[in-house]
Structures are given as C-alpha cells and as structure tokens.
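The values are calculated or read from the model by the stated rules, or taken from the named source; none is laboratory data. Computed from a prediction, not measured in an experiment: that's the story for all the values here. As a convention, Cβ positions derive from the backbone with ideal geometry for all residues, glycine included, and neighbour counts pool all protein chains shown. When the accessible area is computed, the model is the full protein with side chains, heavy atoms only, and any ligands, DNA or RNA have been set aside. Shrake-Rupley method; radii C 1.70, N 1.55, O 1.52, S 1.80 Å.
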Number of protein chains: 2
Amino acid sequence: MSSIDHFWAVVPAGGAGTRLWPLSRRSAPKFLHDLTGTGRTLLQGTLDRLAPLAEDRFVVVTGRAHRDAVLKQLPEVGPERVLAEPSPRDSMAAIGLAAAVLERDDPDAVMGSFPADHVIRDPDVFADCVRTAAEVARDDWLVTLGIEPAFPSSAFGYVHLGDPLPGHPGARAVLEFVEKPSVRTATEYIATGRYRWNAGMFVVRPTVLLDLLGRWHPEFAAALRAIAAEPARLDELWTGLPKIALDHAVAEPAADAGRVVSVPSAFRWEDIGDFDSLAALLAGDPQPTVLGDEALVQALDASGLVVPASGRVVAVVGLEDVVVVDTPDALLVTTRARAQEVKQVVAELADRGRSDLV
Amino acid sequence: MSSIDHFWAVVPAGGAGTRLWPLSRRSAPKFLHDLTGTGRTLLQGTLDRLAPLAEDRFVVVTGRAHRDAVLKQLPEVGPERVLAEPSPRDSMAAIGLAAAVLERDDPDAVMGSFPADHVIRDPDVFADCVRTAAEVARDDWLVTLGIEPAFPSSAFGYVHLGDPLPGHPGARAVLEFVEKPSVRTATEYIATGRYRWNAGMFVVRPTVLLDLLGRWHPEFAAALRAIAAEPARLDELWTGLPKIALDHAVAEPAADAGRVVSVPSAFRWEDIGDFDSLAALLAGDPQPTVLGDEALVQALDASGLVVPASGRVVAVVGLEDVVVVDTPDALLVTTRARAQEVKQVVAELADRGRSDLV
C-alpha cells in the first residue's frame, strides 16, 4: 500500500505518566520509554505505525525539556518538524500549533493527530481506518477514530454514533461526545452498538480545524496562525493561549454543530495508564511477566509484572499480582490492584523535596 | 559489677544465614551485619554483651574468609585471639580448638561459648545467668544456659531439667537434650515447666570439655590439643577432624552420663533465622518497619519490613506483611509468611552461575 497523499501525522508528545513512576519521570515521560519490550519506545512505535501512511511527513509537538530526547529517538524527523512548546498549554494549543504550521506549508494537507503514548496492536486495521478517515476529512469533516470498546471502561470518554455518512459508508455521524461514564452506563452504551471509545485520535484538514476553533475561540485561532506566520513570536503569544483540551475547545461544540464524524474500527488499542494496564498488555507465560532482561529475575511462586531496569537481580517469592519496578535510583513495590495509587507516592516524594526522583 | 575471674568468652562466628539473603552473603554472613538497627553488627553486639563479664578475654573462631572482616569489626580483640578455621568443621571443632588454646594458656580458665549471631534483649539478666553458670562450671560441670521458652517452638532443641543441683540453687540437672519437637510436643514440654530452649550457649572449664570429648572421641580431643601445642600443624590436623556438632559429640552423651547441668534464665533471646523473625524482632510503629534510613522509604498502606540498603528510595504501596530488601546488587521482594523460601532462591541463583550474588 502506498502512503496517503499530503497526509501529515501530528504527534503530540506530552503528559507525565505519573502512575508509571519510577519508570516514567517528569524528565523522561512515558512516551520516551519502551514499555512493550519491543526495543522501541512508545513514541518510536507511534511513528513506526504511521510511517507507511505519512512517509516522512511528521510533526511532533513536545515540551522544550523533551525536545532533545525526541530528536534523539527520532533521527528521521528533522529538527524543523519537532515543535517545542514553551510551556504546557494542553492539547488544543499543541495540536493547533501543528495545524497552523501545516496550513502555512501545505495547502493540500490532511493531518491526523495521534498521541505519542498509545499502543495499537493491529497496525493494518489501524492504517485502513486512518485511510478512510483521511478521505472523509478531505470533505471538510472533523473525523475521529471510533475505537470498538473492549470492555465497559469508566476511564475513557465515548462518542455516540449516528447514521452512516452519505457518500462515505465507512463513516458515521457523531451525535455527541460523552465524558467518562460509570461502568453501568458504559455497559448500556456498548449494548446499543452505537458508542465508541474516544481516544483523542482524529483526522482533519488543518484549515478546517483552525476555522472550527475560530468559531468558538477566534483569538486562539488567530494567535496560532500568527505564530505560524512569525515563529519568532512563539514565546510572546504562547503564554496567552488558553489551557484547554481539543475535545472541549473544538470537538464537542463541532459535534453539536453537526461537523464531526467518526470512522469506527476494531483495532486493539491500549492507553497504558498504570502498571496494572501494562501488566495486562504484556501478560503471558511464564509468570511473572518481565519487562526487560528475564535473566535478572528469579521468581518463585509469583505473578504480576517485574521491571528489572537497574541491572540488579530481582528475586520475588510468594506474591500474586505484584508489581516490582527497579530503577537505578528508585524502587517501587506494589500490586496490580493498587497501581493507581503510585500517583500519591510521587506527590508525596515531591512534597518531601525529592523532586530529583519524580 | 566486676568481670568474672579467668572467664573467657568464646565466640564461634560461622554459618551463612542464607535465608537472610541478599543482606547475608557467603562473603558476609549475618553475624557481620547490623540486623537490629543499633549501629553494631550481631558479632559486635555479642562482644558488647560479654565485655562486662570477660573484659578483654575473648576468643573468636571463624572461617579464614571472614577473619579480616572480624578483625576489622573487633579492633579490641587482638589477631592472636581470632582463630581461623581452614575449612568448616561444625561446632565441635571450632569450639574445641578454642578450648584447647585456653587450656594451654590459662589453667584456671572457665570458658563460655556464645554464637555470634544471637540477639539478647536483657543483657543484665543474661549476665547474671552467665555468672551463675561460671560458678557452677568451676565444679567441673558442663553448664548450658536454659532459656525460658517464649512460645512452643518447633525450630529449637530443648533441655529437659531435673532436680536442683546440691550447693548450686541456680542450677538444675539436665536429664536429656531433645531434638526439635513438634509444636504439640513442645506445648506439652512447656506445660511441665521442666523444659528450656537449648540455644547452644554453655559454660565449662576447657579441660572438662576436652576430657568429655576424649571419652567418646579420643582422637578428636588429642588432635585439638596437638594443634594448640603446635599451631603450625593446624592445616595438617584440621582436615582429619570429624564434622560434628558439639551437642552430638559431647553434650548429649555427657547428659546421659550425668555430667551436664543447666542454669535456667528468662532473658529474651532471638535467633534471627529469616526476615519473618527479623520483622518480629524489630516490629513497632509506624509500619512498615524500616531497618536503615527511614527517609528512604515512602510507604502507603503497607506493613512488614523494608531494608533500604542501597541508598535508593523504596516506595511500597498496598502490601501487607511484605519484605523488601534492597541492596546494591540484588533485590528481594517477598512476604513474612514466605520468608523461609528465600533459601531456595539463593540455591537457584547459585545453580544458575550467579555465585557472585550468594
């Protein structure tokens, strides 16, 4: 299969991944780590997945502190295509900046935005979905990828699908975005067959995105276009940008205005939020699952996830669903069931003045 | 209180303490470690406890590999009083060698033998017991310290007490030594009030000990005396010595022959066999117990024992009765209930060629 004409992959690479401490740190967030044991980081995996569609047409948007690390991991993406945010301003600013740059550079561009820290296990199914989405987006729709829910998650937002789009049998109208529901509500959603997970992946023409933004936030759109026209004004204009997610700034009002469609697909998608979901993703035989050098782990009647990332031997005896993450300067021991609470440990370490570790 | 005239403290410092891996190693067995958080190792604690009784009259018997470490930890014991065993030959050879040296050097000596890796929490009660035992030993008895059982342990041997010794109201005849009983049998023993734990601590005149040995193992006793007379023959004679525990070689047959008495006492005594017993010994508030620098441990809803011995931060979340032992080259994660099985991990590491770690 050939790549998609004028298709640009935009990769916002942000977020701390605090619940994946001590692997993930402020100084090295989760997208910079190989969490799947493939030898490629999540960021690299994102590009690997998109390269057949975008060839070398990438724009990565990341924090200034991470720009060097991103460039090092992605030598194929030139420095002019790794945009550095002066400060975190949420997803609308990050993705909007990429849109403004692409609008300036390629009038025929269709962009797809794909977070740097997702894991997708069916790259071909994913690619088909993106191809369809790109075709639909050329007709000026804001297109979201609608992921078939694997279970009634209360951790993700959903899109509520309407009728198929005339002329685009692979796409469905989006009636609305719904925030994270209860498990019960999610179960009801799934039973209707008309709800999909919203994973924040969408495809759109840059001008369409910025024009939609301009309908509800005209100064925001103008500022992004001004930065693209005069990059030297980045610092000056950036601090004034609202901190708002793209979903709230554009996708939700655009859905209400009938401008959003979804391409449903069944690729297996994972957002590795914590060590429990990482353990589930990697789970296999033998137990415990080892992310790293198996020769370093000596287990006896144990299950769960062991990450021997310091080079030391890790011995685990008689613990079920345990999580052991061993790094050169910090060690975490918890259980899969309590993995969410790692966030609190990180907060307490920061409170105690150990920001060197978080 | 003054010291005991001509009283010599003999400290056999042997045993690997495999179940305390990765703190305890072949290269640094448990007696070389501060396992109680006092700033003194078990070996140093043993000497601290005995110094009021023995002043500077110590003989330490240890393996050749550990002699330098022992000398470094005990600068107050001169090199001529730290005897190095050419190879491990069990307790009869180790203690018998000390006895032969003392018989040679001090005809009025009374020796007490005290393993280097015990913890005793009532040093004054212990000292009173040893004083009584030394008085009794001058009348040519083999005197064992009879520890009041804290619970019906199936892990220790017991001494069966007979009547009080005429002329020595603090001492009781020993009818027999009994091997580790079942918990049920131990419970019955304790109910009679006539059984005490045998912790391998005894007091005796060196000549009495060697003469008793000579009754059942004449060549053994002769070899020990030959080494004392001609230390240059140590290597030559040592390899021929039987590998046998003092209890079997002397104490049991001597008890049958009516030559053993016990001084019962109620000092609190601990043999730190594994991380479960160490956790019990150190247990207090807050939980988990930290052996080492508490500032390195960040716990959330956790109990058990954490040993942060590598300088790294250790975070523990949502685990009860967990054991985490963090050393520079190896990490152990287990539970108090499974702490005994650490021995198997060590065996497997050795099998896998990681003898550098065991």
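Just a few scattered comments:
Residue-by-condition table, conditions (1) open to solvent by 30 Å² or more (accessible area, probe 1.4 Å); (2) farther than 18 Å from A:ALA245 by Cβ; (3) assigned by TED's automatic domain parsing to the domain that holds A:VAL263:
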site: A:PRO166; (1), (2), (3): yes, yes, yes
site: A:PHE202; (1), (2), (3): no, no, yes
site: A:LEU209; (1), (2), (3): no, no, yes
site: A:LEU213; (1), (2), (3): no, no, yes
site: A:TRP216; (1), (2), (3): yes, no, yes
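- Verdict on B:THR239 being in contact with a Ser or Thr (Cβ under 9 Å, 6 or more places away or on another chain) and surrounded by 14 or more Cβ atoms within 10 Å (Cβ to Cβ): no
- Residue in region B:163-172 that is at pLDDT 95 or above, touching a helix residue (DSSP H, G or I) at 6+ places or on another chain (Cβ under 7 Å) and part of a helix (DSSP H, G or I) present: no
- Residue satisfying all of: in region B:1-20; assigned to a loop (DSSP other than H, G, I, E, B), closer than 30 Å to B:VAL136 by Cα and in contact with a Leu (Cβ under 9 Å, 6 or more places away or on another chain); most open to solvent (accessible area, probe 1.4 Å) among these: B:MET1
- Of the criteria (1) open to solvent by less than 10 Å² (accessible area, probe 1.4 Å); (2) touching a helix residue (DSSP H, G or I) at 6+ places or on another chain (Cβ under 6 Å); (3) modelled with pLDDT of 95 or more, which one B:SER265 fails: (1)
- Of the strands (runs of 3 or more DSSP E) that lie entirely inside region B:252-340, those containing 2 or more residues that are within 12 Å of chain A (Cβ to nearest Cβ) span B:297-300, B:304-308, B:313-317, B:322-326, B:330-335.
This table checks each residue for (1) without any contact (Cβ under 8 Å) to a residue 40 or more places away in the chain; (2) more than 18 Å from B:TRP8 (Cα to Cα).
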| residue | (1), (2) |
| --- | --- |
| B:ALA116 | no, no |
| B:VAL125 | no, yes |
| B:VAL136 | no, no |
| B:TRP141 | no, no |
| B:GLY146 | no, yes |
| B:ALA150 | no, yes |
| B:SER154 | yes, yes |
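- Residues located in region A:32-52, provided they are in contact with a Gly (Cβ under 8 Å, 6 or more places away or on another chain) and either more than 25 Å from A:VAL333 (Cβ to Cβ) or among the acidic types (Asp, Glu) (or both): A:THR38, A:LEU50
Per-residue answers, yes or no, for (1) charged (D, E, K, R); (2) without any contact (Cβ under 8 Å) to a residue 12 or more places away in the chain:
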residue: A:ASP56; (1), (2): yes, no
residue: A:VAL60; (1), (2): no, no
residue: A:GLY63; (1), (2): no, no
residue: A:VAL70; (1), (2): no, no
residue: A:PRO75; (1), (2): no, yes
residue: A:GLU80; (1), (2): yes, yes
residue: A:GLU85; (1), (2): yes, no
residue: A:SER91; (1), (2): no, no
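- Sole residue being assigned by TED's automatic domain parsing to the domain that holds A:ALA134, over 29 Å from A:GLU230 (Cβ atoms) and open to solvent by 30 Å² or more (accessible area, probe 1.4 Å), chosen from A:ARG81, A:ARG67, A:ARG89, A:ARG40: A:ARG40
- Residues located in region A:341-358, provided they are among the acidic types (Asp, Glu) and at the interface with chain B (Cβ under 9 Å from one of its Cβ atoms): A:GLU341, A:GLU348
- Flag if B:PRO149 is assigned to a loop (DSSP other than H, G, I, E, B) and under 23 Å from the mean Cα position of the chain (by Cα): yes
- Scanning region B:137-164 for residues that are in contact with a strand residue (DSSP E or B) (Cβ under 6 Å, 6 or more places away or on another chain), open to solvent by less than 10 Å² (accessible area, probe 1.4 Å) and closer than 13 Å to B:ASN198 by Cα gives B:VAL143, B:THR144, B:LEU145, B:GLY146, B:ILE147, B:TYR158, B:VAL159, B:LEU161.
- Total residues in region B:302-331 satisfying the condition of being open to solvent by 10 Å² or more (accessible area, probe 1.4 Å) and either more than 19 Å from A:ARG354 (Cα to Cα) or of a type in the set (A, V, I, L, M, F, W, C) (or both): the figure is 9.
- Taking the listed residues B:ALA299, B:ALA283, B:ALA279, the one that is assigned by TED's automatic domain parsing to the domain that holds B:ALA315, surrounded by fewer than 21 Cβ atoms within 10 Å (Cβ to Cβ) and of a type outside the set (Ser, Thr, Tyr) is B:ALA283, with no other qualifying.
- Screening A:THR289, A:THR334 for residues that are open to solvent by less than 10 Å² (accessible area, probe 1.4 Å) and not hydrophobic (A, V, I, L, M, F, W, C) leaves exactly one candidate, A:THR334.
- Residue match in region B:21-31 (condition: in contact (Cβ under 8 Å) with a residue 12 or more places away in the chain, among the hydroxyl-bearing types (Ser, Thr, Tyr) and buried (at least 20 other Cβ atoms within 10 Å of the Cβ)): no
- Exclusive hit being open to solvent by less than 50 Å² (accessible area, probe 1.4 Å), in the same structural domain as B:SER87 (by TED's automatic domain parsing), under 19 Å from B:ALA94 (Cβ atoms) and in contact with a His (Cβ under 7 Å, 6 or more places away or on another chain), set B:ALA223, B:ALA249: B:ALA249
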